[in-house]
């Protein structure tokens, strides 16, 4: 039962992020990027998603923070999630 909830949650998160990203790519000055660490390396910087919808800075920042909180609050998650202003940087 728990694995079904995890799959359902993950599917919902994927759909949520896909819909946000589908809004279109625009100025990187309004973009926010969601990153995560690794359970094996807390200093890892792994790209999860970039929020760059045409709706602007506040919209992208808010949705990045919502996604961060949803990922971070999953049971058993050992990675840390965070948002940074701008597009993905290695």
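Rule-based calculations on the coordinates, nothing more; no lab input. The structure presented is a predicted model; accordingly, all values stated were derived computationally and were not measured.
Below 8 Å, C-alpha to C-alpha, sequence gap of six or more: please give me the relative contact order for the stretch 36-76 in percent. Walk me through the numbers before you get to the answer.
Values: 20 pairs, mean separation 9.0, N = 41.
Worked out over the stretch 36-76, it gives 22 percent.
Given 0.36 nm per residue, what is the gain on full extension from residue 37 to residue 84 after removing their alpha carbon distance, in nm? Don't jump to the answer; show the numbers that get you there.
Details: separation 47, 0.36 × 47 = 16.92 nm, distance 1.34 nm.
That works out to 15.6 nm of additional length.
Does the stretch 29-90 come out rounded, prolate or oblate, given a ≥ b ≥ c as the square roots of the eigenvalues of its C-alpha gyration tensor, rounded meaning a/c under 1.5 and, failing that, prolate meaning a/b above b/c? Walk me through the numbers before you get to the answer.
Details: a/c = 3.57, a/b = 1.62, b/c = 2.21.
Oblate, because a/c is 1.5 or more while a/b does not exceed b/c.
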